[in-house]
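All remarks here apply to the structure that follows.
The values are calculated or read from the model by the stated rules, or taken from the named source; none is laboratory data. Just so you know, these numbers come straight off a predicted model, no measurement behind them. Cβ: placed from backbone, ideal geometry, glycine included. Neighbour counts: every protein chain shown.
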Amino acid sequence: MGSYYYLVAQLPYLQFGEESPISVDELLDEAQKWVTKSELALLRSIDLEETKIYGNEPEVIKQYKRFEKKLRQELVAWREARDQGTEHKPNLFRIGLLKEGTPLDVEENLLRLRWEFIKELETGLHFQFPVVALYVLKLQILKRMDTFDREVGEEKFKHYTEVSL
């Protein structure tokens, strides 16, 4: 418990949409001083997009993976309903999240939804290993957001949606 205290206490505060003050690799470099080899391996294996649950993961990671799987199922159901001209009301988010704004706005909204879920999972956890695991997920969200380039995305969108007559 004490080693997590020192690790968690030195982690910089993360804010959605802001530049990350630390990378996943930097976190892992620091974590190896404070966690066991098996815990470090577990941190390295955490993937924002993974939905398969493994037995040795902290419960909060399992909960996140269940959420991610449900989110993807909701997105598939919504897209299928849209393609068939029917309605589908998602349970995890309001429908406007997918309809309002550009594709980049939609992607950012979905990342914010994930971020908020992770924040809920952090509630009540203090200086424990699961906090570090959730921190890795947040770092991955920020890294993904750093890859977005509005101009490049707009050009690709125009290219793929352009109709030749």
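Data table
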| read-out | value |
| --- | --- |
| Residue that is in contact with an Asp or Glu (Cβ under 6 Å, 6 or more places away or on another chain) and within 23 Å of E57 (Cα to Cα), where the choices are L134, L142, L121 | L134 |
| The range 99-116 residues that are touching a residue at least 12 places away in the same chain (Cβ under 8 Å) and closer than 30 Å to K62 by Cβ, paired with ones that are crowded, with 17+ Cβ neighbours inside 10 Å and β-branched (V, I, T) (beta carbon under 6 Å, 6 or more apart) | L111/I141; W115/I141 |
| Helices (runs of 4 or more DSSP H) within the range 63-165 that include 1 or more residues at pLDDT 95 or above | 103-122, 129-146 |
| Filtered residue count, the range 1-28, keeping only those that are assigned to a helix (DSSP H, G or I), of a type in the set (A, V, I, L, M) and surrounded by 11 or more Cβ atoms within 10 Å (Cβ to Cβ) | 5 |
| Subset of the range 29-51 [part of a helix (DSSP H, G or I) and in contact (Cβ under 8 Å) with a residue 40 or more places away in the chain] | A31, E39, L42, L43 |
| Candidates I53, I61, filtered to the one that is more than 18 Å from K143 (Cβ to Cβ) and not basic (K, R) | I53 |
| Residues of the range 21-37 that turn out to be in contact with a Ser or Thr (Cβ under 6 Å, 6 or more places away or on another chain) and farther than 20 Å from E57 by Cα, as a count | 0 |
| Residue in the range 115-131 that is surrounded by the most Cβ atoms within 10 Å (Cβ to Cβ), counting only those that are under 19 Å from E68 (Cβ atoms) and out of contact with any helix residue (DSSP H, G or I) (no Cβ under 6 Å at 6 or more places or on another chain) | K119 |
